[in-house]
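Notes follow the structure.
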């Protein structure tokens, strides 16, 4: 056993030493290539760097090597070699952006023909929300006037999305999210002296589609968006908490079981989506914060089923809780944090030519 451990340690040390030696040798090769370039001897650079580019260079060394090769090919008036080397440079560092202050002018202009912009960008989020019911038409089971108020309750959401990047700033985005949304309805004066609280709890699949504008530079990058959403109702239930005040001044609290009212609510609903936030760059990825408001457009209550159970009998919420749902829309405000991982795609920009298109069209005819 001891011999195996010694052999393992010895092998590891040899492997590490070999790797360090190779890196030192390639660093010397890279320094030699730099000296050759500065001396104006360009033709031997590809063969000098070839072995270390195939195996031996670190990521930083590989970038420096392609940086030298790109410039050498530009000087030698070899556009194919320059473009190939620059594309490999962007593969090593997709966020490299030459500028006229720190980089050669010909490299700067070459870079204008390339992009690393992700075609698609996935992102993931989690957070909390509050909902605001907006009454379209009020309904009541009480023959006398009662006082009704509503309070917000906190729900949560989790989701993922995908941005289709039209350019560096504009994107068309979609996604899917699961959320729970809830609010309370407090009725005062039920049966003259009773008070009651009904908690409306729902769960949803939200599928937004929106267009987004983002700042494309800097460590902190704000963004904003607007669009529409399909809101699919997964489940809906009511729970009741009643307060009975008797003549002696004491209060009796009665809590009823949850009542499933999913069949009384519309499954497919729509909303407008407004939002914005900021993403913060961490390495090549981002973390972000997002604030989103969904303005409900659909009446959630199905009028024909509002007063009945699923079997057609009088609704339990009416007979036991003396409660019936209003016709209402549901707005939602959510706050999320999330993670973005851009899928960089280094490539040469294809320029569209209308003249070429029409010329090819007439040729085909």
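The values are calculated or read from the model by the stated rules, or taken from the named source; none is laboratory data. If you're wondering where the values come from, they're calculated on a predicted model, not measured in any experiment. Here Cβ is always computed from backbone atoms with ideal geometry, including for glycine, and neighbour counts include all displayed protein chains.
Couple of notes before you dig in:
- When region 282-300 is filtered for residues that are more than 15 Å from residue 238 (Cβ to Cβ) and outside any strand (DSSP E or B), the ones remaining, listed by number, are 283, 284, 297, 298, 299.
- The listed residue being loosely packed, with under 14 Cβ neighbours inside 10 Å, in a strand (DSSP E or B), free of Cβ contacts under 8 Å to residues at least 60 places away in the same chain and in contact with a strand residue (DSSP E or B) (Cβ under 9 Å, 6 or more places away or on another chain), out of 151, 180, 135: 151
- Here 321, 339 are screened, and the one residue that is in the same structural domain as residue 288 (by TED's automatic domain parsing) and assigned to a loop (DSSP other than H, G, I, E, B) is 321.
- Of the residues making up region 301-318, those that are part of a loop (DSSP other than H, G, I, E, B) and farther than 30 Å from residue 210 by Cα number 8.
- Of the helices (runs of 4 or more DSSP H) lying entirely inside region 18-119, not one carries at least 3 residues that are modelled with pLDDT under 95, over 30 Å from residue 168 (Cβ atoms) and assigned by TED's automatic domain parsing to the domain that holds residue 284.
- Of all the criteria given as (1) within 44 Å of the chain's Cα centre (by Cα); (2) modelled with pLDDT of 55 or more, the one not satisfied by residue 5 is (1).
- Filter result (touching a residue at least 40 places away in the same chain (Cβ under 8 Å) and either touching a strand residue (DSSP E or B) at 6+ places or on another chain (Cβ under 9 Å) or surrounded by fewer than 22 Cβ atoms within 10 Å (Cβ to Cβ) (or both)) within region 68-91: 83, 87, 90, 91
- For region 258-281, the count of residues that are part of a strand (DSSP E or B), farther than 30 Å from residue 225 by Cα and under 33 Å from the mean Cα position of the chain (by Cα) is nonzero.
- All conditions but one from (1) at pLDDT 95 or above; (2) part of a loop (DSSP other than H, G, I, E, B) apply to residue 158; the one that does not is (2).
- Residue selected from region 198-221 under the condition surrounded by 20 or more Cβ atoms within 10 Å (Cβ to Cβ) and modelled with pLDDT under 95, by the criterion farthest from residue 290 (Cα to Cα): 198
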